[in-house]
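Only one structure is covered here, and it is reproduced in the block below.
The values are calculated or read from the model by the stated rules, or taken from the named source; none is laboratory data. On a predicted model such as this, the values are computed, not experimentally measured, just so you know. Because the Cβ atoms are built from the backbone with ideal geometry, glycine has one as well, and the counts that use them run over all protein chains shown. Calculation scope for accessible area: heavy atoms of the full protein, side chains included, ligands and nucleic acids excluded. Shrake-Rupley method; radii C 1.70, N 1.55, O 1.52, S 1.80 Å.
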Amino acid sequence: MTHAKPVSIVMIEDDEGHARLIEKNIRRAGVNNEIIPFTNGTEALAYLFGPDGSGTVSSGRQLLILLDLNLPDMGGVDILEKVKANPHTKRSPVVVLTTTDDSREIQRCYDLGANVYITKPVNYDGFANAIRQLGLFFSVMQVPETP
């Protein structure tokens, strides 16, 4: 019996409070997948593309990327662009989480291949609810096991 690899969740979020909240709500939604947190784009890209920058390290990985657009070292849009341009990561779903609700930026993210765009409401209940809905999205996204 061969088993598909479980999906790892790569969370790129520099706000520690938001990161904790996201993780709490993912867990509350019943998703037990590994969460690999990064607080900046540089480290996240090093993980995704490896020391040589080719992305082959991710070729066997099942990844779901949670991406904050406002990072200390680079814009999330640049990361999204790199992920979707790389043959080894372009099929990984990307969920953009941000406080920005600029419609042009939202459209740009979708144009670049983002799967879901969630505006972080300052209201924590609203944010928690958005993440819970995402939790349903995650549970649907489990990679099926092959018999």
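Among 71-81, 90-100, 26-36, the peptide with the highest mean count of other Cβ atoms within 10 Å heads the list, and the full ranking is 90-100, 71-81, 26-36. Give the shape of region 1-84 as rounded, prolate or oblate, defined through the alpha-carbon gyration tensor: a ≥ b ≥ c are the square roots of its eigenvalues, a/c under 1.5 means rounded, and otherwise the shape is prolate if a/b is larger than b/c and oblate if not. Here region 1-84 falls in the oblate category. Basic side chains Lys and Arg get +1 at the Cβ, acidic Asp and Glu get -1 at the Cβ, and with that the dipole of the chain about its Cα centre reaches some 560 debye. Most simply put, region 51-138 has about 10% antiparallel DSSP beta bridges, counting only bridges with both residues inside it. Other residues with beta-carbon under 10 Å from the beta-carbon of Gly41 carry, at +1 per Lys or Arg and -1 per Asp or Glu, a net charge of -4. Accessible surface for the chain, divided over its residues, is 53 Å² per residue with a 1.4 Å probe. The value of relative contact order for region 1-105, using C-alpha pairs under 8 Å at least six residues apart, is 29 percent.
Length available on full extension from Asp15 to Arg27: 0.36 nm per residue minus the Cα-Cα distance, which gives 2.5 nm. Kirkwood hydrodynamic radius computed over the chain comes to 15.5 Å, based on all pairs of distinct alpha carbons.
Taking 0.36 nm per residue of sequence separation and removing the Cα-Cα distance, the Leu136/Glu81 pair yields an extension gain of 17.2 nm. Dividing the helix sum by the residues of the chain, where each DSSP H run of 4 or more adds -39500 (n - 2.57), gives a mean residue ellipticity at 222 nm of -12000 deg cm²/dmol. Among complete DSSP H helices in the chain, those whose alpha-carbon atoms stretch at least 15 Å along the helix's long axis and whose mean Kyte-Doolittle hydropathy reaches 0.5 are 124-140. DSSP beta bridges fully contained in the chain are about 5 percent antiparallel.
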